[in-house]
Amino acid sequence: MGKWKWLFYLVAILLIGIPISIVLMSDEVTFSSTFSHTVISTAMVLVILGKMITVFEKRNKKKSFASDIGMIIGISIVLVLRFF
């Protein structure tokens, strides 16, 4: 499960980083707002999934996972508010 967590985080970083680097390197490339919202929302969902895996791992090891739950709730609120 730990490998999936890092894969989710890596894909989320790449989803944000690649379009940013393309726009910064080129003067003529622009992305539509729909594409931008989709990429950012997908990255947020991947981070939430990675945090959920962390919570399950910490729960099995009997460690505190309150901060991870707080991050999941916070990112979920931001994800929901992006649609309004």
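Read the figures in this text as sums done on the coordinates, not as results from a lab. Remember, it's a predicted structure, so these values are computed and weren't measured experimentally. Cβ placement follows ideal geometry from the backbone for every residue including glycine, while neighbour counts extend to all protein chains displayed.
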*Taking interchain pairs and intrachain pairs at least six residues apart, which have beta carbon atoms under 9 angstrom, with the first residue in the range 28-42 and under 25 Å from S76 (Cβ atoms) and the second assigned to a loop (DSSP other than H, G, I, E, B)?*
H37/R82; H37/F83; V39/F31; I40/R82; S41/R82; S41/F83
*Please work out which residue is farthest from the chain's Cα centre (by Cα), limiting yourself to the range 47-71 and to residues that are of a type outside the set (S, T, Y) and farther than 17 Å from G2 by Cα.*
A66
*From F84, F31, F65, F56, which residue is on the phi < 0 side of the Ramachandran plot and surrounded by fewer than 11 Cβ atoms within 10 Å (Cβ to Cβ)?*
F84
